[in-house]
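All remarks here apply to the structure that follows.
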Amino acid sequence: MFSERNLIRVREGNKKPILEEGEYILYWLRANRRMAWNHSLDYSIHLSKKFGKPLVIFESVMMDFEWSSPRLQQFLLEGICDTAEDAARIGLIYWPFVETKEHSLSEIVPGILEKASIVITDDFPCFFLPEHAEKISEILNCKLLLVDSNSITPLASYEKSFGYARVLRPKLHDRFVESYVHRSNPKPNPKGIPSSESLKKPKFLFSGKKEDISSYLQRMSSRFPNVLPVSGKIGGRKEGLKLLKKFLKEGLPFYSEERSEPRPPERTKSSYLSPYLHFGMISVDEIVTAVLGSDPQIDWSPDILNHSYRGKNEGFFHPNPNINSFLDELLTWRELGYLLFYKEPSFRKDLSILPNWAQLSLEAHRGDKREYIYSKEEFEKAITHDPIWNAAQKELVLTGTIQNYLRMLWGKKVIEWSSSPEEAFRILEDLNHKYAYDGRDPNSYTGILWCFGAFDRPWSPERAVFGNIRYMSSDSTSKKFKIKPYLEYIRSLEDLSEPQLFK
Ligand SMILES: Cc1cc2nc3c(=O)[nH]c(=O)nc-3n(C[C@H](O)[C@H](O)[C@H](O)COP(=O)(O)OP(=O)(O)OC[C@H]3O[C@@H](n4cnc5c(N)ncnc54)[C@H](O)[C@@H]3O)c2cc1C
């Protein structure tokens, strides 16, 4: 069932007609790589039943997107294998296509689009996807509808984006009950979707079998062929759900106190879910549901919400502080980024979005002498004078992840040791997107921009290079945390790395 209350999530991508002669309703899956908890899928099923046409779900992986690498491609292909299995189990038609040097997307897309009555696609607001949706809308003969399944609250329900978490928080809390009640469907029901037996399957589809992934990877080109998959990092919904289960047991009970501690992964208390969220392999709706239901002492329902904590980062969702702390990151901080991109399509992904005080501060200190200046190549090779910074950079390159406290330090130091704020921004954007599994996301930008003062307040004392922007140092990091086990973990990774990148 698609609730009418969720129509706020749907917007028109063009003014073209619904084609009655079309053979099917087409859901072009571009971001929500899952067959459950997905508003785009719920709406596609609803339209298929309403118009009495079969539903086809088409997913494509482009070969040569910006920052593409075997690391990202393998993660995506592993995701497709899980989606294919889920679609078959539910009884949905799923056509995955992976672009290779032999067969390009343009070879099969026109044939698929021309038979559609309506095309539905995911309204992901960042990376190349908004421009891609515009291109689809132009080449289509039929109507294009975009569906927002990015978070628990509909992005269109907010009048604008917000510069501070404290401004978004009360608005998010006000929308929470309604959004929670109208969450996406955990078990899509195909009953009533017209038969698709007469549909002709296009050629060259990906089999959706894990054993075919490596031969596909060999036939794909990419921008960064040397950025290789990380052993043990597996893409797809199954792995995302496994991590969620592990987190509920081993991470969440300690989250509010220990999330920031830099530790080896087996002792880290954060969820590691950001890549799965970024690639849409898991949904915010299901994480929220699982987290709220995880405390055996409390049978959670919206009556448990404590409205006297409206707008606060604690106490609102649940009496358990770990649950509140986690949901504040997953909802408030994550949605700040998604709203920024959704509401400001003209945002050019640069420093122009910084608050006035931060822009003035950076400008006033533009000419300050930098104690160290490194090039992008030196940063990339992790050869700065600072062992903690180098370790964080090595973690990024070798594992595709950075521990979340060190990620802030990592960003701050690139600002301190670059020739200008603009250069620092470009280096951070490039390194983050090239190596991190969760890169190329609205939160990549909000995270990087936070280092430059976005979503933050001015801090004293005024310092060289930073002015009033919050300063962080490796010295205080090593005083605040027991950093040795983390550094040893990175050293062990280096010893195992193949090729030995940092030797
Ligand atoms: C310089 C810099 C770059 C960053 N780049 C990215 C990026 O490319 N992609 C990305 O998803 N996040 C990015 N972040 C935000 C944050 O570091 C990660 O979301 C978090 O570390 C992911 O780890 P986790 O899944 O274990 O988080 P958990 O602590 O388990 O949190 C759960 C989820 O909440 C969201 N979340 C948590 N912290 C934040 C935050 N500060 N801002 C926004 N959302 C948050 C994420 O979706 C995360 O998966 C960046 C932060 C900085 C300072």
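What follows is calculated from the coordinates using simple rules that are stated; it is not laboratory data. None of these values were measured; they are calculated from a predicted model. Here the Cβ is made from the backbone with ideal geometry for all residues, glycine too, and neighbour counts use every protein chain on show.
With a/c under 1.5 counting as rounded, go ahead and sort region 387-475 into rounded, prolate or oblate using the C-alpha gyration tensor (a ≥ b ≥ c being the square roots of the eigenvalues; past the cut-off, prolate if a/b is larger than b/c, else oblate). Prolate is the answer for region 387-475, as a/c is 1.5 or above and a/b outweighs b/c. Shown for 478, 361: other C-beta atoms within 10 Å of each C-beta, ranked fewest to most, produce the order 478, 361.
Kindly identify region 169-317 as rounded, prolate or oblate by the Cα gyration tensor criterion: order the square roots of the eigenvalues as a ≥ b ≥ c, call it rounded if a/c is under 1.5, otherwise compare a/b with b/c, prolate if a/b is larger, else oblate. In terms of gyration-tensor shape, oblate. Taken along the Cα-to-beta-carbon direction at a fixed 7 Å, the label points for residue 178 and residue 160 span 2.0 nm. For the chain, the alpha carbon positions stretch 69, 56, 43 Å along the principal axes, listed from largest to smallest.
For the chain, what is the mean residue ellipticity at 222 nm derived from helices alone (per DSSP H run of n ≥ 4: -39500 (n - 2.57); sum divided by total residues; nearest 500 deg cm²/dmol)? Result for the chain: -12000 deg cm²/dmol, rounded to the nearest 500. The trypsin sites (Lys or Arg not before Pro) of region 175-221 meeting both criteria, a DSSP state outside H, G, I, E and B (loop) and at most 12 other C-beta atoms within 10 angstrom of the site's C-beta, are 191, 200, 203, 209.
With a Cα cut-off of under 27 Å and a minimum spacing of 8 residues unless on different chains, the lysine pairs in region 383-503 number 23. Here is the P(r) of region 1-149: all C-alpha pair distances, binned every 5 Å from 0, give 2, 9, 19, 24, 23, 15, 6, 2, 0 in whole percents.
The loop-placed chymotrypsin sites (Phe, Trp or Tyr not before Pro) in region 94-150, going by DSSP, that have at most 15 neighbouring Cβ atoms within 10 Å of their Cβ come out as 128. In order along region 159-167, phi translates into HN-Hα couplings of 6, 7, 8, 10, x, 9, 4, 5, 7 Hz, rounded to whole numbers, per the Karplus curve 6.51 cos²θ - 1.76 cosθ + 1.60 with θ = phi - 60° and x for Gly and Pro. Taking Cα atoms only, the orientation of helix 421-435 departs from the longest principal axis of the chain by about 50 degrees.
Counted over the chain, the DSSP beta bridges are approximately 15% antiparallel. Proximity of backbone amide H atoms, modeled 1.01 Å from N, is registered between residue 93 and 57 at under 5 Å, excluding neighbours fewer than 5 places apart on the same chain. When only alpha carbons are used to place a centre, region 259-316 and region 210-241 end up 28 Å from one another. For a quick check of your reading of the filter: which GluC sites (Glu not before Pro) in region 85-153 sit in a DSSP loop and have no more than 16 other Cβ atoms within 10 Å? Sites meeting the loop and neighbour criteria: 102, 114. Distance from the C-alpha centroid of region 28-62 to that of region 434-466: 35 Å, rounded to the whole angstrom. Among 430, 456, the order by Cβ neighbours within 10 angstrom, fewest to most, reads 430, 456.
Net length available on complete extension from residue 201 to residue 364 is 52.5 nm, with 0.36 nm assigned per residue and the Cα-Cα distance removed.
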